[in-house]
1. Condition check: over 17 Å from the mean Cα position of the chain (by Cα), modelled with pLDDT under 80 and among the hydroxyl-bearing types (Ser, Thr, Tyr). Does Ser102 satisfy that?
2. Collect the residues in the range 7-53 that are assigned to a helix (DSSP H, G or I) and surrounded by fewer than 10 Cβ atoms within 10 Å (Cβ to Cβ), keeping them in residue-number order.
3. Quick check, is Ala129 touching a Lys or Arg at 6+ places or on another chain (Cβ under 9 Å), surrounded by fewer than 16 Cβ atoms within 10 Å (Cβ to Cβ) and at pLDDT 85 or above?
4. Considering Asp110, Asp62, which residue is under 23 Å from Ile146 (Cβ atoms), at pLDDT 85 or above and in a helix (DSSP H, G or I)?
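The values are calculated or read from the model by the stated rules, or taken from the named source; none is laboratory data. If you're wondering where the values come from, they're calculated on a predicted model, not measured in any experiment. So basically every Cβ, Gly included, is an ideal-geometry build from the backbone, and we count neighbours across all protein chains shown.
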Amino acid sequence: MTWLFLGIGAILVVGIALVAVGSAVSRLSGTLRPAVLEVDDAADWIAERLPEEAAGQLSLDDVVSVVGWYLEVFDEAGLATEHGQELGDAAHGTAAGSADASGQATASLDTVLEHVVARATQLDEPLDAASVAMVAELMGAYMAEIGAFGVEAEQIGRREGNPDRG
């Protein structure tokens, strides 16, 4: 008789655990995962992919500076949070600091490039504009890879019922 109660108890415990885990997984599967950018990781990723010509002209500190300038535009547009560099819903669009048709803040990637190159050429020892532009282009690729914007962000936005996301 004891074995019967132990067996029924084990089945109940496993059943309750499966229901609890299943409901948590289904609830979280529809949750949008924020794109969190770590500056050091981004700089390392970009430095590994820089062409030799640009890598020879920029140090890792220069790449970190360019990443920071890149993020300044997103911050000015209201797309970065206080908890790191977590991007908002729409990370590109018409112009920095503007809003799209749905009222979401946007930042133009052309504006980002202009800002980054302008900051690089205003230094006491200006950085090569072409190399800085390559870093900015790779930063855009990195942001798309982490899901901050691009195809994955658009698909997540559509799944969440927001066709303007991305």
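1. yes
2. Val25, Ser26, Arg27, Leu28, Ser29, Glu48, Glu52, listed by residue number.
3. no
4. Asp62
Per-residue answers, yes or no, for (1) of a type in the set (Val, Ile, Thr); (2) in contact with a strand residue (DSSP E or B) (Cβ under 9 Å, 6 or more places away or on another chain); (3) within 18 Å of Val117 (Cα to Cα):
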residue	(1), (2), (3)
Thr2	yes, no, no
Gly7	no, no, no
Ile16	yes, no, no
Val19	yes, no, no
Leu28	no, no, no
Ile46	yes, no, yes
Asp62	no, no, yes
Trp69	no, no, yes
